[in-house]
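Participant: Structure below; questions to follow.
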Amino acid sequence: MLAKTSARRRSRWVSIPLKILGGFIALSLLMVVIYRFVPPPVTWTMLFDPHGITKDWTSLDELDPDMARAAIAAEDSRFCSHHGFDAVAIAQAMRHNASGGRIRGGSTISQQTAKNVFLFQGGGFLRKGLEAWFTLLIEAIWGKRRIMEVYLNVAETGIGTYGVQAGAIRYFHHGAQRLTRAEAARLAAVLPLPKKREAIDPHGFTRRYGNSIAARIGIVQRDRLDSCVQ
């Protein structure tokens with residue numbers, strides 16, 4: 001009798017984690033499938049932003065093509081050729097970080113989108129593991145065009161400002177449908193530190209970085225590095 005009771009107890013302790021894991025997998029799959037067709041209404045970053053939320057969802061077809069090119073030039077030059085993780089960029093970041101100086105990340109646009117839509121900001125192995133899981137899902141279910149579309153609509157582009165449409169209106173007083181190449185580059189330049197950089201009348205590093213991105217936009221177009229989003 002004691003043996004049977006002990007066996008049932010062990011079985012219960014095994015089944016509970018399995019049920020939790022199964023529920024998480026089912027819920028995450030459901031969310032990814034829904035967001036394949038429906039714009040994510042809000043993210044954790046937006047919810048905890050004390051400055052409020054200004055956003056305006058705009059389809060990729062309505063955005064100036066140079067905006068996607070600018071994002072690829074600035075954030076992920078191999079976006080169209082990798083499957084969510086850029087081994088080359090990760091290796092380069094590890095070598096750079098090992099040499100000291102400012103920490104550099106190797107995250108792709110796919111990873112950043114997974115984090116922005118489904119997770120919270122910050123580091124930690126748990127968040128990184130969940131980010132990898134959601135990255136695999138959106139690569140498999142969404143595809144590159146949808147990933148880019150969501151990224152350009154949920155990325156923070158200023159204090160309390162989310163998405164390139166809201167960012168374009170904030171900085172340039174017109175929509176992202178008619179961005180100049182320089183304006184697209186400036187928006188891409190603020191993406192890593194949107195609370196500290198301004199796309200309008202940028203100075204110092206932001207100006208130099210924006211000019212560098214503007215020059216690389218032409219390379220992205222010439223070499224068809226944006227072919228997966230056209």
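The values are calculated or read from the model by the stated rules, or taken from the named source; none is laboratory data. Everything numeric in this text was worked out from a predicted model, so none of it was measured. Note: areas computed on protein heavy atoms with side chains; ligands, DNA, RNA excluded. Shrake-Rupley method; radii C 1.70, N 1.55, O 1.52, S 1.80 Å.
Participant: Would you mind finding the one in Asp76, Asp49 that is open to solvent by less than 30 Å² (accessible area, probe 1.4 Å), more than 17 Å from Trp142 (Cα to Cα) and modelled with pLDDT of 95 or more?
Facilitator: Asp76
Participant: Continuing with the same structure: Restricting attention to helices (runs of 4 or more DSSP H) lying wholly within the stretch 140-221, give those where 1 or more residues are on the phi < 0 side of the Ramachandran plot and more than 20 Å from the chain's Cα centre (by Cα).
Facilitator: By residue number, 164-172, 181-190.
Participant: Could you check the stretch 103-154 and list, in sequence order, the residues that are small (Gly, Ala, Ser) and open to solvent by less than 10 Å² (accessible area, probe 1.4 Å)?
Facilitator: Within the stretch 103-154, Ser110, Ala114 qualify.
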